[in-house]
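First the structure, in the form of structure tokens, and then the observations on it.
The values are calculated or read from the model by the stated rules, or taken from the named source; none is laboratory data. Treat the numbers as computed from the prediction; the structure is a model and nothing was measured. Every residue, glycine as well, gets a Cβ built from its backbone with ideal geometry; the counts of neighbours run over all protein chains shown. All accessible areas refer to the heavy atoms of the entire protein, side chains included, with ligands and DNA or RNA removed. Shrake-Rupley method; radii C 1.70, N 1.55, O 1.52, S 1.80 Å.
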Amino acid sequence: MSHDADGVRCMQMRGGSSKGAYFLAADLPADAAERDDLLLRIMGSPDERQIDGLGGGHPLTSKVAVVSPSTGDADVDYLFLQVVPERAVVTDAQTCGNLLAGVGPFAVERGLVPPAGDTTPVRIRMLNPSVSYATARVQTPDGRVRYDGGTVMAGTPFPAAPVEIAFPGSGAPVFPTGRLHDRLAGADVTCVDAGMPVVVVRAADLGLAGDEPPEALEADDELRGRVEEIRRAAGPAMGLGDVRDLTVPKVSIVSPPRHGGTVTTRTFIPRRVHAAIGVLGGVSVAVAVRAAGSSEVDGSLVRIEHPTGTFDVSVELDGDGPEARLRSSAVVRTARKLSDGLVWPRTREAAR
Ligand code: NQM
């Protein structure tokens, strides 16, 4: 089928504190290069404002979930693609735990998973950057996905039905350098990866208080340069190679809590500063905080303060110190269907 002329089936959803376009894999070209070219034209990239497409001009609103019946040990497979607003880049180098919150509801909506009573568990095989698993519990009273009611999730303004998400540990070590602390580009950091590679650095070491608004951090050219320097040094140290053109690792700047939580965070993802914090980014920070033996940690719960609220992450570790491995983690998110129908990509001829 000609995607340009006939439109492409697409559901837009808010997943957690992000927003994106959800597709069945069967509704997109099987060839990855063709698929990515189509997604650039659907989302409106390359253009900072993405004015000619569905993207919202920010990495958090320029996201794509590709979902299909699982060919592995799960109900569905989920491939995440980050469409860079200002560049003609679509990358599968990271996953996204926020868009993941919409994958369970989308799978039920598209008939990939039948509703099973009041709550339908959807087992999701996350394909990138390497295979991992999640189980999302989707509210399905009366055989339909429920989106309303529930609670206000930090990072979003309105209440919606909760989606509980549990991640089993992969058994892999969570400190990719084999150390709890590294000195990279002249900074003391912790490199951690519990689903999202993150470099954790103390705010005070960057001359910050740690609770600055994202816009202030983004406006500070010197700080941005310093953060990028640390990030690029961390890439090879974390086994990610040259990360100049990658969206990972993220850099999370930490400081003491202000609102009764465990830690305050401001996270570069990596060029913009997150309005909240990523889900798996949050799990990684939680692991770093727990492994560091913070006195603020109470049981398995780590309360991560971010620019728009507090994100509660439950993490269980096997072992401690640099050998620690993630046994399991769990979060609660909300998601909401925003639209369902056809999207018309701009034609190839109009591409820049
Ligand atoms: O870390 C943004 C988001 C994310 C990623 C980013 C995410 C996660 O909030 O699991 O959700 O860090 O690029 O959508």
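Across segment 170-178, coupling constants 3J(HN,Hα) worked out from phi with the 6.51/-1.76/1.60 Karplus curve, θ = phi - 60°, read 8, x, 7, x, 9, 10, x, 8, x Hz, and Gly and Pro carry x. Each 5 Å bin from zero holds the following percent of Cα-Cα pairs in segment 1-154: 2, 10, 19, 22, 20, 14, 9, 4, 1.
Taking 1 over the mean of 1/r across every pair of different Cα atoms in the chain, what Kirkwood radius in Å do you get?
Numbers: mean 1/r = 0.0490 Å⁻¹.
About 20.4 Å, per the Kirkwood formula over Cα pairs.
Adding -39500 (n - 2.57) for every DSSP H run of four residues or longer, then dividing by how many residues the chain holds, sets the calculated 222 nm ellipticity at -5500 deg cm²/dmol.
Using alpha carbons only, what's the Rg to Rh ratio of segment 168-244 with Rh from Kirkwood?
Values: Rg = 13.4 Å, Rh = 13.4 Å.
Answer for segment 168-244: 1.00.
Scoring 87-95, 120-128 by mean Cβ neighbours within 10 Å over their residues and listing the highest first yields 120-128, 87-95. Probing with 1.4 Å while keeping every protein chain in the model, the per residue accessible area of the chain equals 42 Å². Under 8 Å for C-alpha pairs, at least 6 residues apart: give me the relative contact order for the chain, rounded to a whole percent. So the answer I get is 20 percent.
Take the Kirkwood radius over Cα pairs of segment 217-259, plug it into Stokes-Einstein at 25 °C and 0.890 mPa s, and you get 213 µm²/s for translational diffusion.
Using the Kyte-Doolittle scale, find the helices of the chain whose mean hydropathy is at least 0.5 and whose Cα atoms extend 15 Å or more along the helix's long axis, counting only whole DSSP H runs. Provide the component values of the computation, followed by the final result.
On the way: long enough: 32-43 (16 Å, 0.16); 97-109 (19 Å, 0.97); 221-237 (24 Å, -0.97); 279-291 (18 Å, 1.85).
Qualifying helices: 97-109, 279-291.
The dipole here belongs to segment 182-323: it is taken about the Cα centre, uses +1 on the Cβ of Lys and Arg and -1 on the Cβ of Asp and Glu, and is about 240 debye. When the alpha-carbon atoms of segment 182-323 are used, the pair Rg, Dmax equals 13.9, 40 angstrom. Phi-derived couplings, Karplus 6.51 cos²θ - 1.76 cosθ + 1.60 at θ = phi - 60°, listed residue by residue for segment 75-88: 7, 9, 9, 10, 10, 9, 10, 8, 9, 6, x, 8, 10, 7 Hz, with x used for Gly and Pro.
Sorting 202-215, 229-242 by their mean Cβ neighbour count within 10 Å, with the most densely packed peptide first, gives 229-242, 202-215. Peptide packing for 282-291, 175-184, 159-168 was compared via the average number of neighbouring C-beta atoms within 10 Å per residue; ordered from the highest value, the list is 282-291, 159-168, 175-184.
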